[in-house]
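The values are calculated or read from the model by the stated rules, or taken from the named source; none is laboratory data. Fair warning: this is a prediction, and the values are worked out from it, not measured in the lab. Cβ placement follows ideal geometry from the backbone for every residue including glycine, while neighbour counts extend to all protein chains displayed. Heads up: the accessible areas ignore ligands, DNA and RNA and are worked out on the full protein's heavy atoms, side chains in. Shrake-Rupley method; radii C 1.70, N 1.55, O 1.52, S 1.80 Å.
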Amino acid sequence: DMDGLRKIPGNLPKQDELKLDLNLPLTKVRDPFGTHNSFAEHNNARLCALLDQFGFDYEFASSTEYYTTGKFDDMLLVALERFDAIMEIMLPTLGPDRRATYSPFLPISPKTGHVLQVPTLERNLAKGTIVYQEPDGEMMEVPVTGGHVKMQWKPDWALRWAALGVDYEMSGKDLIDSVTQATKICRALGKPQPLTLTYELFNDEQGKKISKSKGNGISMEEWLTYASPESLSLFMFQKPKTAKRLYFDVIPKAVDEYHQHLRAYPDQDDAQKLNNPVWHIHDGNPPESDMVVSFAMLLNLASVSSAETKEAMWGFINKYAPEASPETHPGLDAAAGYAVRYYHDFVKPTKVFRAPTEQERAALADLAERLRKWSGSLDPEELQSLVFAVGKDHGFEPLRDWFKAIYEVLLGASQGPRFGGFIALYGVDETVELIEQGLAGELA
């Protein structure tokens, strides 16, 4: 948070005001959202809020604080002493223009407060200072300690590793070269490099890299608006070295996969449990799943019932699972609320209903009639068999076309849940009424 503001991200408000703060350390840049004393403080607060939401045990560290209070001073003096070794590592990685002006030390101008990218003209090891030239031409001598300078990115990373004894560091594949050079610099500072892990980057729906400045894709906070922290943990945990698309449509799948892992856990042997993501997500003590209804099913229920609150959802859930309640099934209760929110923000605007074909109309009318006469239980598999039989009797080949027709005519989507389970949850009489609306053209 001591880096200079080099450019203004396009998704921030108050662009003109932020232009006045270019090149200032982020802890000196105004907060464009008006909630904190600086842009850095705003971002740090968001980071801590996310960590707190996941229950991380952490100690927050501010680069500005560590530089200005002297926690980096000893290692900064080592870096000054080993200036030439750092330059030997960095210069071959730079282009000719950058090489001509490069220095691992960035002075904080006492005149403007800007973080300056200027050459180091002289070094005084006895005094612990460097000499540089201000943009106005004046020669300045400043100590490398006490927050008067900060290090360039790659030397700065190595400085942190060396000064703080960092022994493990994860980073995205866009920082592979940074890891390589920082590792060399850390050794040049006389400290062992940490063990590192390189993970793949997240992409948006089109497979393009997610950019903080463009705001494409979704943020962690946005995910947690529509699903549980555990579902996000599962998404993050799986295949860290494989690029993953992070957008809203992956949320329902992640929620249901998380609960599938929870349900599988009790019957697994020790080796299988260690390979189950929930063992890691819950520190070896995963809870039981209380999702008697899948999240995908809840989304469709919210859609068909036009539910505005999770309380309305519970009216249907209790028909299917009378023993469940918000008190006994808190995870299901939270999921019902998430489903309502997700449906209204992302599913409802994209729903497209259509009228049935003649073949589909006859089959849907037959299904409605069979459901009117239904005297069996609300067992999802029995109801699924009934739906399956109607499709076969009306000559759908392949049968998936029959289910696709049900989804498109009744739910406004090209895919959906096992329809027998949906009938059990929504209700037999309510499903008959829904079919009648579809046949009457009231949905399309």
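Return yes when Leu26 is surrounded by fewer than 16 Cβ atoms within 10 Å (Cβ to Cβ), closer than 28 Å to Lys111 by Cα and modelled with pLDDT of 95 or more and no when it is not. Walk me through how you get there before you give the answer.
Working: surrounded by fewer than 16 Cβ atoms within 10 Å (Cβ to Cβ): no; closer than 28 Å to Lys111 by Cα: yes; modelled with pLDDT of 95 or more: yes.
It is false that Leu26 is surrounded by fewer than 16 Cβ atoms within 10 Å (Cβ to Cβ), closer than 28 Å to Lys111 by Cα and modelled with pLDDT of 95 or more.
Please go through the stretch 304-324 and give me each residue that is of a type in the set (Ser, Thr, Tyr), assigned to a helix (DSSP H, G or I) and either more than 16 Å from Tyr338 (Cβ to Cβ) or open to solvent by less than 10 Å² (accessible area, probe 1.4 Å) (or both), ordered by number. Walk me through it before giving the result.
Taking the stretch 304-324 and keeping what is of a type in the set (Ser, Thr, Tyr), we get 305-306, 309, 320.
Narrowing the set further to residues that are assigned to a helix (DSSP H, G or I) leaves 305, 320.
The one that is of a type in the set (Ser, Thr, Tyr), assigned to a helix (DSSP H, G or I) and either more than 16 Å from Tyr338 (Cβ to Cβ) or open to solvent by less than 10 Å² (accessible area, probe 1.4 Å) (or both): Tyr320.
With the structure loaded, tell me whether Tyr132 is surrounded by 20 or more Cβ atoms within 10 Å (Cβ to Cβ) and touching a residue at least 24 places away in the same chain (Cβ under 8 Å) or whether it fails that test.
Details: surrounded by 20 or more Cβ atoms within 10 Å (Cβ to Cβ): yes; touching a residue at least 24 places away in the same chain (Cβ under 8 Å): yes.
So Tyr132 passes the test.
Mind checking whether some residue in the stretch 225-235 is at negative phi, in a strand (DSSP E or B) and not β-branched (Val, Ile, Thr)?
Looking only at the stretch 225-235, we keep the residues that are at negative phi, and these are 225-235.
Imposing the further condition that a residue be in a strand (DSSP E or B) reduces the set to none.
No: the stretch 225-235 contains no residue that is at negative phi, in a strand (DSSP E or B) and not β-branched (Val, Ile, Thr).
Is it the case that the stretch 384-402 has a residue that's touching a residue at least 60 places away in the same chain (Cβ under 8 Å) and over 27 Å from Pro322 (Cα atoms)?
Going through the stretch 384-402, the residues touching a residue at least 60 places away in the same chain (Cβ under 8 Å) turn out to be none.
There is no residue in the stretch 384-402 that is touching a residue at least 60 places away in the same chain (Cβ under 8 Å) and over 27 Å from Pro322 (Cα atoms).
Looking only at residues in the stretch 422-444 that are open to solvent by 10 Å² or more (accessible area, probe 1.4 Å) and touching a Gly at 6+ places or on another chain (Cβ under 8 Å), which one is nearest to Ala368 (Cα to Cα)?
Looking at residues that are open to solvent by 10 Å² or more (accessible area, probe 1.4 Å) and touching a Gly at 6+ places or on another chain (Cβ under 8 Å), I get Leu443.
Kindly indicate whether any position in the stretch 362-370 is over 18 Å from Ala444 (Cα atoms) and modelled with pLDDT under 95.
So far as the stretch 362-370 goes, no, none of its residues is over 18 Å from Ala444 (Cα atoms) and modelled with pLDDT under 95.
Has the stretch 37-56 got at least one residue that is closer than 22 Å to Pro110 by Cα, at pLDDT 95 or above and over 23 Å from the mean Cα position of the chain (by Cα)?
Yes: the stretch 37-56 contains one or more residues that are closer than 22 Å to Pro110 by Cα, at pLDDT 95 or above and over 23 Å from the mean Cα position of the chain (by Cα).
Among the residues of the stretch 71-120, which ones are assigned to a loop (DSSP other than H, G, I, E, B), touching a helix residue (DSSP H, G or I) at 6+ places or on another chain (Cβ under 9 Å) and of a type in the set (Gly, Ala, Ser)?
Ser103
Sort out for me the helices (runs of 4 or more DSSP H) sitting completely within the stretch 237-296 that have 2 or more residues that are buried (at least 17 other Cβ atoms within 10 Å of the Cβ). Can you show your working first?
Details: elements: 250-264, 270-275, 277-281.
In the stretch 237-296, the matching helices (runs of 4 or more DSSP H) lie at 250-264, 277-281.
Condition check ((1) part of a helix (DSSP H, G or I); (2) over 16 Å from Gly427 (Cα atoms); (3) aliphatic (A, V, I, L, M)) across all residues:
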{"residue": "Pro349", "(1), (2), (3)": "yes, yes, no"}
{"residue": "Arg354", "(1), (2), (3)": "no, yes, no"}
{"residue": "Ala362", "(1), (2), (3)": "yes, yes, yes"}
{"residue": "Trp374", "(1), (2), (3)": "no, no, no"}
{"residue": "Val390", "(1), (2), (3)": "yes, yes, yes"}
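As an exercise: evaluate Asp31 against (1) open to solvent by 30 Å² or more (accessible area, probe 1.4 Å); (2) free of Cβ contacts under 8 Å to residues at least 24 places away in the same chain and give the number of the one condition it does not meet.
If we test Asp31 against (1) open to solvent by 30 Å² or more (accessible area, probe 1.4 Å); (2) free of Cβ contacts under 8 Å to residues at least 24 places away in the same chain, just (1) comes out false.
Inside the stretch 57-84, can you point out the residues that are in contact (Cβ under 8 Å) with a residue 24 or more places away in the chain, surrounded by fewer than 15 Cβ atoms within 10 Å (Cβ to Cβ) and more than 36 Å from the chain's Cα centre (by Cα)?
Selection gives Asp74, Glu81.
Yes/no per residue for (1) closer than 28 Å to Arg6 by Cα; (2) under 19 Å from the mean Cα position of the chain (by Cα); (3) modelled with pLDDT of 90 or more:
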| position | (1), (2), (3) |
| --- | --- |
| Glu200 | yes, yes, no |
| Gly217 | yes, yes, no |
| Tyr226 | no, yes, yes |
| Gln272 | no, no, yes |
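So how many residues does the stretch 161-191 have that are part of a loop (DSSP other than H, G, I, E, B), exposed (fewer than 13 other Cβ atoms within 10 Å of the Cβ) and at negative phi?
Of all residues in the stretch 161-191, those part of a loop (DSSP other than H, G, I, E, B) come to 165-167, 189-191.
With exposed (fewer than 13 other Cβ atoms within 10 Å of the Cβ) added as a condition, the list becomes 165, 167, 190.
Checking which are at negative phi leaves us with 167.
Residues meeting the conditions: 1.
Within the stretch 8-21, restricting attention to residues that are open to solvent by 40 Å² or more (accessible area, probe 1.4 Å) and touching a residue at least 24 places away in the same chain (Cβ under 8 Å), which residue is farthest from Ser219 (Cα to Cα)? Full working, then the answer.
Within the stretch 8-21, the first condition is being open to solvent by 40 Å² or more (accessible area, probe 1.4 Å), and the residues that meet it are 10-11, 13-17, 19-20.
Checking the rest, the ones that are also touching a residue at least 24 places away in the same chain (Cβ under 8 Å) come to 10-11.
Details: Gly10: 16, Asn11: 13 Å.
Only one residue tops the list, namely Gly10.
What is the residue count in the stretch 139-160 for residues that are under 14 Å from Ile86 (Cβ atoms), open to solvent by 10 Å² or more (accessible area, probe 1.4 Å) and not in a helix (DSSP H, G or I)?
The qualifying residues number 1.
Tell me yes or no: at least one residue of the stretch 94-111 is of a type in the set (Lys, Arg), closer than 21 Å to Lys191 by Cβ and open to solvent by 70 Å² or more (accessible area, probe 1.4 Å). Working first, answer last.
Initial filter on the stretch 94-111 (of a type in the set (Lys, Arg)): 98-99, 111.
Cutting the leftovers down to closer than 21 Å to Lys191 by Cβ gives us none.
No, the stretch 94-111 has no match at all.
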